[in-house]
């Protein structure tokens, strides 16, 4: 009876509904009471009292098994949800990287192509150079695709600033760079995040600003590293500019910083990227 009772209690604890468990526990209790009544003739005999603790254990056993199985199922569901969240974050990361890298390069190809189409009639001698630039940019796009596929880890801020200056110059936007704290040492993650934000801000400027001048300033004050990109364009006339602004804010939040975008039709757009300077990275003046 004891072996059957524990085996039945174990199977009962794995039932799918509480109704089945309740019926099984009632059956266990009836089984014990019936056996004790038939064997001893009374439930108050000493022999019957020995079996009462065993009955209580077998009644509790299905409940314990039920909660253990439920905990395992919840852990399995939680693991599935975490896997889905990781996959979703990875998809969003890939989407941001595609938007910030390939989108940026394709914008440059578009600007170069438009410039070339205008030079065909006015200055045919310059067309060859522009076509060579378009070819070089296309190769850059292919390289960026390979880097994304191989999970690109680092983007140099200095290199990205020079690249953006060249891109803006190609679009006839006069660009000046003023780095007031060149000795500040940034981590590879900080450089990569800032570089991608600079790339996104430059892409938005080319697409929407109609600017003629752009000023990039880097300064450090009160333990903060600030990179400001300001143009004299028409501002953010369109509110739905895609994922660019959201991506910049998310990246700065990862670095415990912030991205501030200020726009005005008369003064243009200003993008401020602010991150805290880590301990030991701010060199003495």
Failed condition for residue 64, given (1) at pLDDT 80 or above; (2) crowded, with 18+ Cβ neighbours inside 10 Å, with all others met? (2)
Considering only segment 183-199, how many residues are in contact with a strand residue (DSSP E or B) (Cβ under 9 Å, 6 or more places away or on another chain) and either modelled with pLDDT under 85 or assigned to a helix (DSSP H, G or I) (or both)? 5
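Does residue 77 count as at pLDDT 75 or above, closer than 28 Å to residue 19 by Cα and in a helix (DSSP H, G or I)? Break it down stepwise before answering.
Working: at pLDDT 75 or above: yes; closer than 28 Å to residue 19 by Cα: yes; in a helix (DSSP H, G or I): yes.
So residue 77 fits the description; yes.
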Report whether or not residue 96 is farther than 23 Å from residue 207 by Cα, assigned by TED's automatic domain parsing to the domain that holds residue 142 and either surrounded by 11 or more Cβ atoms within 10 Å (Cβ to Cβ) or at pLDDT 75 or above (or both). no
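Restricting to segment 139-165, and then to whatever is assigned to a loop (DSSP other than H, G, I, E, B) and under 14 Å from residue 192 (Cβ atoms), can you tell me which residue is modelled with the highest pLDDT?
Restricting attention to segment 139-165, the residues satisfying the condition of being assigned to a loop (DSSP other than H, G, I, E, B) are 150-156.
Within this subset, residues satisfying the condition of being under 14 Å from residue 192 (Cβ atoms) are 151-156.
Details: 151: 50, 152: 51, 153: 58, 154: 72, 155: 77, 156: 85.
This residue is 156.
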Could you say whether any residue in segment 105-115 is modelled with pLDDT of 70 or more, exposed (fewer than 10 other Cβ atoms within 10 Å of the Cβ) and in a helix (DSSP H, G or I)? no
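The values are calculated or read from the model by the stated rules, or taken from the named source; none is laboratory data. Because the structure is a prediction, the values reported are computed rather than measured. Here the Cβ is made from the backbone with ideal geometry for all residues, glycine too, and neighbour counts use every protein chain on show.
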